[in-house]
1. Suppose the chain between His25 and Glu165 were pulled fully straight at 0.36 nm per residue; how much longer would it get relative to their current alpha carbon spacing?
2. What spacing in nm lies between the two simple spin-label points modelled at Arg147 and Asp88, each 7 Å away from Cα in the Cβ direction?
3. Tell me which residues come under 5 Å, amide H to amide H, from Val59 once H is placed; ignore anything under 5 positions away on its chain.
4. When the chain is fully extended, how far beyond the present Cα-Cα distance does Arg128 get from Asp99, taking 0.36 nm per residue of separation?
5. Of the GluC sites (Glu not before Pro) in the range 115-182, which ones lie in a loop per DSSP and count no more than 11 other C-beta atoms within 10 Å?
6. Want the number for Glu81 to Ser251: 0.36 nm per residue separation, take away the alpha-carbon distance, what's left?
7. Counting only residues 5 or more places away or on other chains, whose amide H sits under 5 Å from the amide H of Phe241 once H atoms are built in the peptide plane?
8. By the gyration tensor of its Cα atoms, with a ≥ b ≥ c the square roots of the eigenvalues, what is the shape of the range 14-130: rounded for a/c under 1.5, prolate for a/b over b/c, or oblate?
Amino acid sequence: MRYAVLVTGPAGAGKSTFSTSFMTHLRMSKRSAHIVNLDPAATGDAFEYEPAIDIRDLVSLEDVMQEMGYGPNGGLVYCFEYLLQNMDWLEEELGGFDDDYLIIDCPGQIELYTHHPFLPTLVRNLSRMGIRTCAAYLLESQFMEDRYKFFSGVLSAMSAMVNLEIPWINIMSKMDLVTTNADGPARNGRRARKDIARYLDPDPMLLASSHSREPAPSNPRFHALNQAIVQLIEDHPLVSFLPLDLTSTDSLETVVSHIDFTMQYGEDEEPKEPHDLDEGDFADME
């Protein structure tokens, strides 16, 4: 059985850094793993590990922008349309991997997850190839500094979950930049543990409380929209986050174990029979 993890999320969330740490962890655990790059805009030094499969070998954003005259967003859409038209290329590239763990590093354009059919179509093709797939959606801890920005991230994660319809893990990345120590440095802010918990398991009342602290007069339509968002999240509590601190081995191990559990890693594997005593590893014991 082959396994694939789609590493998704907005730009700057730490997808490539997480993919590298994920890869290192799997290799240290003696598991066969490979990086797959699906970002046609990735630069040459973006990966610590050389991707086993790279969409840039098929089409690159730079070539599309030069030859077709597209901008970055239009060029990226073209690249994915071209990939879907050439799925035989990807199927051939994937054919050489058996019982492997594929970490698929995806681009940071959020509309690819929430609006376009590209990734759902890709997921269906991976399933047809017999690859068990799940997704990890990264949102960086800096989003906690602005409650409105945070809940836009929550809604984006929810939209992507509904769009892709596969097993899903949401991750709050860069938690090493948040501290509960009042005296310590914190690029992404200082927060009490109880306060952090309200973001990891999003509390929609954070939006309502921010409204109550704002000075009057304020825009009633804006706050009516916030109330509608609060109600939506309360009615459909789909999103919660695992904290990820890449400076902590335990934190990474927790995230990896959740990903394994989400896509039932290893449950279909047959136990390996020991060698007979008269052959293989035990031949010298006779």
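Since every read-out is calculated from the coordinates, none of them should be taken as a lab result. These numbers were taken from a predicted model, which means no experiment stands behind them. Glycine also receives a Cβ, built like all others from the backbone with ideal geometry; neighbour counts cover every protein chain displayed.
1. Values: separation 140, 0.36 × 140 = 50.40 nm, distance 2.70 nm.
Net length gain for the segment: 47.7 nm.
2. About 5.6 nm, to one decimal.
3. For Val59, no residues qualify.
4. Working: separation 29, 0.36 × 29 = 10.44 nm, distance 1.58 nm.
Result for the pair: 8.9 nm of gain on full extension.
5. Those satisfying the criteria are Glu165.
6. Extending this stretch completely gives an extra 57.5 nm.
7. Long-range HN contacts for Phe241: Asp201.
8. In terms of gyration-tensor shape, prolate.
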